[in-house]
Amino acid sequence: MDMARDSSGAVAARARPAPKAARTWWKVHQWVGLKLSLFLTFILFTGTLAVVSAEIDWLLQPSLRVSPATVAGPVAWAAIADNAARYPGVAKANAIDAPNASAFAAKVTIEHEDGSLGLLHAHPTTGEIQGEGPWVGAQRVLRNMHRHLNLPVKFGVPIVSSLAFLLLASLVSSFIVYKKWWRGFAKPLRKRDARTWWGDFHRLAGVWCLWFVALIALSSLWYFIESLGGDAPPQPRVQEEELSPQSRLPTSLARAFDAAIAARPAMRIQRVILPSPDDPLLQIHGDHEAVLVRPRSNAVWVDARTAEVLLVTDGRDLNVHQRIAEMADPLHFGYFGGYWTKLPWFLFGLAMTGLAVSGAAIYSLRIARDGAASLRVRTAFSGMWQGMGRWRWLALLLIATALALLPSLFIQTSS
């Protein structure tokens, strides 16, 4: 019996991290969650808003709204393209994006006669142009700030996506810092004092967000790899030499659209790339049978002059490298299942942002030894500022850069 107890005790001792090792992991967890907490909060919050950025534009732009009762049948792609090309002030219609939901208009990317970019909003069934929207809306602003801080992509993407390493370190260390974490899914938030409440919130949000943190960290790691040259091989496309010389584009694209839809009738079209005199190819992209790929993986290419189908691609034919690249965006932003996935992604994004803030609050209340019952947000942020040390200046510089470069978006689209 003594030997058995000694043996089991030795095994238990080996299973538990030594106090020094546990303390080291705790320091890693605190450092990761604190030193760049301000910048991490900014990126997480803008990414969370980016998930519902189309809905924000819908609220801000009346012409983007339609009554669901007036929508019947398939999207009138040809009518939308023809009406957009004839809309006053439009020099060229470049692309059409399908409505995000039944109450949304279709969006047409256009170039004005002065070279600036814009959007037209079209009724999906009638093809009628309901109005014009700005190229730089909530969707564009949030995407650019979250993805690359409005910096050139080659600099901004690796800076933002490098946060993947912090998220992974925080994820791994949390399993050691939070003992028996699997018991925390239903623990209530105690209101004994501010520090207790923030601590309980941090642990509760943490255990529920474990899968989401892992998902965001891994997809961000992939973006980091891509930014350093790890892009997947390009997908098939029609080469210019494959096009036969023909006359100019027809006045209506109805025949070309009919041919494209007939080539892949079961595909749910998400985006259309419109032809031009310099590039007579009509492309339709959408969702078919491949799971978790961007719409561009399922495409039909048509010569708009002859209505000849030149290429049909299928997302199921992608190799492993390409499949990983194509599934990163749907998983990162959660748009692959419509509102059934966008809403959970938004809510878990808010919870993940709360993790960054609550971690700083816990540190703040610990150093202040604040036992007050009130949940003082000002105290949390003052502690975050103090605990970041010199790293706060880097965080402020990056956030200020993103905001300062925001006007450049409007300048680029109006030049």
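Restrict the check to the stretch 193-215 and report whether at least one residue is assigned to a loop (DSSP other than H, G, I, E, B), farther than 18 Å from Leu355 by Cβ and assigned by TED's automatic domain parsing to the domain that holds Leu343. Within the stretch 193-215 (the criterion being assigned to a loop (DSSP other than H, G, I, E, B), farther than 18 Å from Leu355 by Cβ and assigned by TED's automatic domain parsing to the domain that holds Leu343), the answer is yes, since at least one residue qualifies.
Evaluate the following for Leu221: is it surrounded by 14 or more Cβ atoms within 10 Å (Cβ to Cβ) and modelled with pLDDT of 95 or more? Yes; evaluated as a whole, the condition is true for this residue. Number of residues in the stretch 269-320 that are over 22 Å from Ser247 (Cβ atoms), aliphatic (A, V, I, L, M) and assigned to a loop (DSSP other than H, G, I, E, B): the value is 5. Restricted to the stretch 336-353, and to residues there that are out of contact with any Cys (no Cβ under 9 Å at 6 or more places or on another chain) and crowded, with 18+ Cβ neighbours inside 10 Å, the residue that is farthest from Lys27 (Cα to Cα) is Phe336. In the condition set (1) closer than 30 Å to Thr24 by Cβ; (2) of a type in the set (Lys, Arg); (3) surrounded by fewer than 17 Cβ atoms within 10 Å (Cβ to Cβ), Lys191 is compliant with all but (1). Just checking, does the stretch 76-89 include any residue being basic (Lys, Arg) and either touching a Pro at 6+ places or on another chain (Cβ under 6 Å) or more than 30 Å from Gly354 (Cα to Cα) (or both)? Checked the stretch 76-89: at least one residue is basic (Lys, Arg) and either touching a Pro at 6+ places or on another chain (Cβ under 6 Å) or more than 30 Å from Gly354 (Cα to Cα) (or both). Which one of the conditions (1) touching a His at 6+ places or on another chain (Cβ under 6 Å); (2) surrounded by fewer than 21 Cβ atoms within 10 Å (Cβ to Cβ); (3) at pLDDT 95 or above does Ala105 fail to meet, given that it meets all the rest? All conditions are met except number (2).
Only one entry of Lys191, Lys180 meets the criterion of being at positive phi and over 29 Å from the mean Cα position of the chain (by Cα), and that entry is Lys180.
Within the stretch 257-285, the only residue that satisfies the criterion of being among the small types (Gly, Ala, Ser) and in contact (Cβ under 8 Å) with a residue 60 or more places away in the chain is Ser276.
The values are calculated or read from the model by the stated rules, or taken from the named source; none is laboratory data. Computed from a predicted structure; not experimentally measured. Heads up, the Cβs are rebuilt from the backbone with ideal geometry, glycines too, and the neighbour counts pull from every protein chain shown.
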